[in-house]
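Peer 1: I'd like to ask you about the structure that follows.
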Amino acid sequence: MEEKVSIIMPNYNCERFIEETVNSVINQTYQNWELLIVDDCSTDNSVEIIKNCCNSDARIKLFINEKNSGAAASRNLALREATGKWIAFLDSDDLWTPDKLEKQIAFMEENGYKFSFTKYGHVDENTNSLKQIVCGPKKVSKRKMFRYCYLGCLTVMYDAECVGLIQISENVQKRNDYAMWLKVSKKATAYYLDEVLAYYRKRSGSISHQSKLSLIKYHYRLFRISENMNPFRAFYYTCKNLFFGFWKKIIYVKKGNF
């Protein structure tokens, strides 16, 4: 018997991509799933697109935030509504390969794993391959998770029966997916499935120098607020993230076709 997968999808102004993203879920070979989409007060036409998807497939459920609250609040709401044994994540502009759920669940069940992630590729706004693949270490323990976020959100899956309900601080407006993995890693080690099973969409616009400085601030706030660390420890782990992030780009980001 296939156990149900609850797929967590926050959305904000993704009318251009969300139908393709939802179709990548509908086309899964593993069919026992529910897709929980939380719209964060979009100002484009994405809610109407989602409603049409809901009308065509009862497994798709739409929730709308009362006010624009950020991805953390949206994911928290979806996680509270989830009823599946397995929890998976997919942002509203990314994609899965058709066998993603089937292969990842088999990988976890056969090995008794409770937390996993996979290799993924980068695509552009038109879903063309950028010939860049992101890999990962064979396993990520709690200690290793605090060094750096090696997991691509669109590839993560965990066993809700083992991990329980995860809720993260809604004051962590950036890197809130990492905040989730830090909490999950306290319950289970993450294991790596060495196959490209998802595609991360790189959208136009480069990261500015100011944005990189902001990223440092976001990491500091992550450890300070979500993990309730004192300022010294939060700064220490922020520095570790900068160091291991540099090594990740060298070791785990590769050129290749998919």
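Peer 1: Within the stretch 184-229, can you find the residues that are modelled with pLDDT of 95 or more and open to solvent by 50 Å² or more (accessible area, probe 1.4 Å)?
Peer 2: Correct list: LYS186, LYS187, TYR191, ASP194, GLU195, TYR199, TYR200.
Peer 1: Against the condition more than 21 Å from GLY256 (Cβ to Cβ), of a type outside the set (Phe, Trp, Tyr) and touching a Leu at 6+ places or on another chain (Cβ under 7 Å), how does MET145 come out, does it pass?
Peer 2: So MET145 passes the test.
Peer 1: Let me ask something additional. Scan the helices (runs of 4 or more DSSP H) fully inside the stretch 100-164 and keep the ones with 3 or more residues being at pLDDT 95 or above.
Peer 2: 100-111, 160-163
Peer 1: Looking only at residues that are in contact (Cβ under 8 Å) with a residue 24 or more places away in the chain and over 15 Å from MET9 (Cβ atoms) in the stretch 28-65, which one is most open to solvent (accessible area, probe 1.4 Å)?
Peer 2: So, considering only residues that are in contact (Cβ under 8 Å) with a residue 24 or more places away in the chain and over 15 Å from MET9 (Cβ atoms), the one most open to solvent (accessible area, probe 1.4 Å) is THR43.
Peer 1: On to the next question. Just to be sure I understand the filter: pairs with C-beta atoms under 6 Å, separated by 6 or more residues or on different chains, first member in the stretch 1-14 and closer than 11 Å to TRP33 by Cβ, second member among the hydrophobic types (A, V, I, L, M, F, W, C) and assigned to a strand (DSSP E or B). Which pairs pass?
Peer 2: VAL5/TRP33; VAL5/TRP86; VAL5/ALA88; SER6/ILE87; ILE7/TRP33; ILE7/LEU35; ILE7/ALA88
Peer 1: Answer yes if at least one residue in the stretch 203-226 is of a type outside the set (Gly, Ala, Ser) and under 30 Å from ALA106 (Cβ atoms), and no otherwise.
Peer 2: Within the stretch 203-226 (the criterion being of a type outside the set (Gly, Ala, Ser) and under 30 Å from ALA106 (Cβ atoms)), the answer is no, since none of the residues qualifies.
The values are calculated or read from the model by the stated rules, or taken from the named source; none is laboratory data. As the structure is a prediction and not an experimental result, all values here were calculated from the model. With ideal geometry, Cβ positions are generated from the backbone for all residues, glycine too; neighbour counts draw on all protein chains shown. We work out accessible area using only protein heavy atoms, side chains counted, and drop any ligands, DNA or RNA first. Shrake-Rupley method; radii C 1.70, N 1.55, O 1.52, S 1.80 Å.
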